[in-house]
Structures are given as C-alpha cells and as structure tokens.
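Single-structure report; data block below.
The values are calculated or read from the model by the stated rules, or taken from the named source; none is laboratory data. The structure presented is a predicted model; accordingly, all values stated were derived computationally and were not measured. Here Cβ is always computed from backbone atoms with ideal geometry, including for glycine, and neighbour counts include all displayed protein chains.
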Amino acid sequence: LAKTTQPISMDSYEGQEVNITCSHNNIATNDYITWYQQFPSQGPRFIIQGYKTKVTNEVASLFIPADRKSSTLSLPRVSLSDTAVYYCLVGERRGSTLGRLYFGRGTQLTVWP
Amino acid sequence: NAGVTQTPKFQVLKTGQSMTLQCAQDMNHNSMYWYRQDPGMGLRLIYYSASEGTTDKGEVPNGYNVSRLNKREFSLRLESAAPSQTSVYFCASSENRNTEAFFGQGTRLTVV
C-alpha cells in the first residue's frame, strides 16, 4: 500500500513560489503520482500527474527524482486564490484489480497578502 | 455534460434512521468512489467500485453498504445512522486509477 506523507500546513505570501513535498517510500513500479487541490465546500480537483522526472502544465510543475520515493509540487507566483488543501496521491495496485485512490490529510496552503 | 452528480446536497437524520446517498456520472468512467471528509482528517475512502458489478472496501467501510447499480450509478447506504457518521460525503469517478478523478459537490450529512 503506497501511502504518502506531506506537511500538514504551509504559509506563503502572494507572488512567491511554493513547493510542497510528498514522501511515498513504497511506491510501486507502475504507480503514478497525482496531486489534487480542494477549496472549502468543494470536491477536490485534479492539478497534475506524473511518473518520473518533470511535468509542467499551466497551473503547476511536478518534480519527481529518479528513485520516485518523493515528489514536489511547485506553484509559481501564488495568489490568494491558491489558498486550499493540496493532496498527494499514489495509486495502489492489487493484483490485476484497478487500485483505490487514498487521499490522506493533505497540506493546507495559506497564502497571505 | 454534468460530470458527477450527488443527491441530496444536505440531509439531517435521526440516530437509527436509514438513507441512501445517490451518485451518478455521465463520463462513462469505469471506477467510482465514495469518500467521507471530517475536519482535520482529509478524505477517507469508504468504498470503491472498479467496474460495474464489483465493489471493494476502503479505509472506513463499517456502517456503510454500497451498490454499483450500473456503470453510471454508485449509491451509498447507511442502514442505521449514528452521530459518528456526521460528515461531508463525496462521490468521485475516474477512467482508472491512473487518470484524473472527478468529484461531485458533496453531501453534508448530520446525524442527531
């Protein structure tokens, strides 16, 4: 079971770059790493997904080292609207059955003016 | 294209009452999930369905039952509600575990 560990909370100021690191020591060979964002009173929404090295989209970048035991979500120039909970997920595989998605507690990011 | 639709959005139950939370998705996804979210606890997986006709337990299945009625619908039933089941419930769906999961807007359930 590929559980994850991430900081409970982080603070930043507008315009700064924020890096949130997630540990997943037991990641399986075929598992992907996915990050979600959740605003209050809403369901989580997908931000970015990767398998190795670096992935970038219009919202964030995801850095994954060669051993894949951790990953870092990078949010460039955050704004107040980036205040949310960020979840790091690693897929679980059980035999040939598609795995479950475990979210954990996430990281509460608070952006200050 | 509505995505994932949950009903109801709010519900108050008395201890011991039963109810079913409904979830439907129109994206032809194979996998569907039920989560509960409590303050400071993040999202915890209750049950999961990899495909029509199959269900599997998650982290906190006790006190709940599920039915994958067809590919579109995945319901969550509380047979005898308890105050400990007061929570916000989210349904989600995805093509498979390695692709994006889409969430409903949630059901806020209070058991008194």
Consider B:Ser94 carefully, then state whether it is of a type in the set (Ser, Thr, Tyr) and closer than 26 Å to A:Asp31 by Cα.
yes
Here is a list of conditions, (1) surrounded by fewer than 16 Cβ atoms within 10 Å (Cβ to Cβ); (2) touching a helix residue (DSSP H, G or I) at 6+ places or on another chain (Cβ under 6 Å), and B:Phe10 meets all of them except one; can you say which number that is?
(2)
Condition first: of a type in the set (S, T, N, Q) and under 16 Å from B:Ala92 (Cα atoms). Now tell me which residues in region B:43-80 satisfy that.
B:Ser49, B:Ser51, B:Thr54, B:Thr55, B:Ser67, B:Asn70, B:Ser75
Counting only residues that are under 11 Å from the mean Cα position of the chain (by Cα), more than 13 Å from every other protein chain (Cβ to nearest Cβ) and in a strand (DSSP E or B), how many does region B:16-65 have?
5
Among the listed residues A:Arg45, A:Arg68, which satisfies the condition of being at positive phi and either touching a helix residue (DSSP H, G or I) at 6+ places or on another chain (Cβ under 7 Å) or not small (Gly, Ala, Ser) (or both)?
A:Arg68
Against the condition polar (S, T, N, Q) and more than 10 Å from chain B (Cβ to nearest Cβ), how does A:Asn25 come out, does it pass?
yes
Report yes if A:Leu73 is surrounded by 17 or more Cβ atoms within 10 Å (Cβ to Cβ), more than 13 Å from chain B (Cβ to nearest Cβ) and farther than 17 Å from B:Ala92 by Cα, otherwise no.
yes
Just the residues that are more than 9 Å from chain B (Cβ to nearest Cβ), surrounded by fewer than 21 Cβ atoms within 10 Å (Cβ to Cβ) and modelled with pLDDT under 95, please, taken from region A:82-107.
A:Gly95, A:Ser96
Just the residues that are in contact with a Lys or Arg (Cβ under 8 Å, 6 or more places away or on another chain), buried (at least 21 other Cβ atoms within 10 Å of the Cβ) and either of a type in the set (A, V, I, L, M, F, W, C) or more than 14 Å from chain A (Cβ to nearest Cβ) (or both), please, taken from region B:86-112.
B:Phe90, B:Phe103
With the structure loaded, tell me whether B:Phe74 is closer than 15 Å to A:Tyr102 by Cβ, crowded, with 20+ Cβ neighbours inside 10 Å and modelled with pLDDT of 95 or more or whether it fails that test.
no
From the residues in region A:41-58 that are surrounded by fewer than 18 Cβ atoms within 10 Å (Cβ to Cβ) and either touching a residue at least 40 places away in the same chain (Cβ under 8 Å) or over 30 Å from B:Ser87 (Cα atoms) (or both), which one is nearest to the other protein chains (Cβ to nearest Cβ)?
A:Tyr51
Members of region A:43-60 that are in a strand (DSSP E or B) and among the basic types (Lys, Arg):
A:Arg45, A:Lys54
